[in-house]
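Only one structure is covered here, and it is reproduced in the block below.
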Amino acid sequence: MLSQNDKYNNFVNEFSSILYNLKVDIPFSDYIFLCVGSDKIIGDSYGPLVGEKLKDAFKNVYNNIKIYGTLDNTVSAINLEKTVDEIYASYQHPCIIAIDSALASENRIGNIVVSNTKMQCGKGTNKKMRWVGDISIKGIVAKDYKMPRYNFSGLQNTRLGEVIRLADITSKGIYDVIKYR
């Protein structure tokens, strides 16, 4: 099992590599962190926790970095479509970095997966939500039982400490990558 330091180093290496190697025709105008989830379900709170930490870290630092989805203003199945439409209407050429909880095999719990592809939020609980993001970051918080009813229960019974540790690594890693950009 990897230490917190190893998880942080792995995340920073993956995120910086993907961010700096993203091929685009037009330079991005803004970097939008779309932190998806609900603060009402522990396992689903990874996104809003990351958003909250990023909001504090980037407060009054960078004008081209925006955070959507915090503990006070969550982005979830209820308002994801509207929020993404608002982002595209408000920014000329945004780079959307989608952040959400994920389910996987038991031995992958505690990992952070970074990809240069869109993600479909809510997939584990059978919510057919919009595919979002130029980059996706998934914090694996619970086991995927391949059955929405069991997955929902697993998200409700996730350990808060694990979700907070993943959110700490993710937010610190994002800040450190952007800070040295």
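The values are calculated or read from the model by the stated rules, or taken from the named source; none is laboratory data. As the structure is a prediction and not an experimental result, all values here were calculated from the model. Positions of Cβ are generated from backbone atoms using ideal geometry, with glycine treated the same way; all protein chains shown enter the neighbour counts. When the accessible area is computed, the model is the full protein with side chains, heavy atoms only, and any ligands, DNA or RNA have been set aside. Shrake-Rupley method; radii C 1.70, N 1.55, O 1.52, S 1.80 Å.
A few comments on the model shown:
- Screening the stretch 40-49 for residues that are surrounded by fewer than 24 Cβ atoms within 10 Å (Cβ to Cβ) and either outside any loop (DSSP other than H, G, I, E, B) or not aliphatic (A, V, I, L, M) (or both) and picking the one that is nearest to the chain's Cα centre (by Cα) gives I42.
- Residue within the stretch 162-180 that is small (G, A, S), surrounded by 19 or more Cβ atoms within 10 Å (Cβ to Cβ) and out of contact with any helix residue (DSSP H, G or I) (no Cβ under 7 Å at 6 or more places or on another chain) present: no
Rundown of residues vs (1) under 20 Å from V113 (Cα atoms); (2) in a loop (DSSP other than H, G, I, E, B); (3) open to solvent by 30 Å² or more (accessible area, probe 1.4 Å), yes/no style:
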{"residue": "Y20", "(1), (2), (3)": "yes, no, yes"}
{"residue": "K23", "(1), (2), (3)": "yes, yes, yes"}
{"residue": "I32", "(1), (2), (3)": "yes, no, no"}
{"residue": "S38", "(1), (2), (3)": "yes, yes, no"}
{"residue": "K55", "(1), (2), (3)": "no, no, yes"}
{"residue": "V61", "(1), (2), (3)": "no, yes, yes"}
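- The condition of being within 16 Å of the chain's Cα centre (by Cα) and over 19 Å from L166 (Cα atoms) holds for only one of T83, T70, that being T83.
- Subset of the stretch 117-130 that is under 13 Å from the mean Cα position of the chain (by Cα) and not small (G, A, S) - its residue that is farthest from N151 (Cα to Cα): T117
- Among residues of the stretch 65-120, those that are within 22 Å of G173 (Cα to Cα), outside any strand (DSSP E or B) and either of a type outside the set (S, T, N, Q) or open to solvent by less than 60 Å² (accessible area, probe 1.4 Å) (or both), counted: 9
- First in the stretch 133-160 and within 30 Å of V24 (Cβ to Cβ), second anywhere and of a type in the set (S, T, Y) and assigned to a helix (DSSP H, G or I), Cβ under 6 Å, 6 or more apart: G139/Y46
- Members of the stretch 137-161 found to be small (G, A, S) and either open to solvent by 80 Å² or more (accessible area, probe 1.4 Å) or touching a Leu at 6+ places or on another chain (Cβ under 9 Å) (or both), listed by number: G139, A142, G154
- Qualifying residues in the stretch 132-154 (those that are part of a strand (DSSP E or B) and more than 13 Å from the chain's Cα centre (by Cα)) - the one nearest to N13 (Cα to Cα): A142
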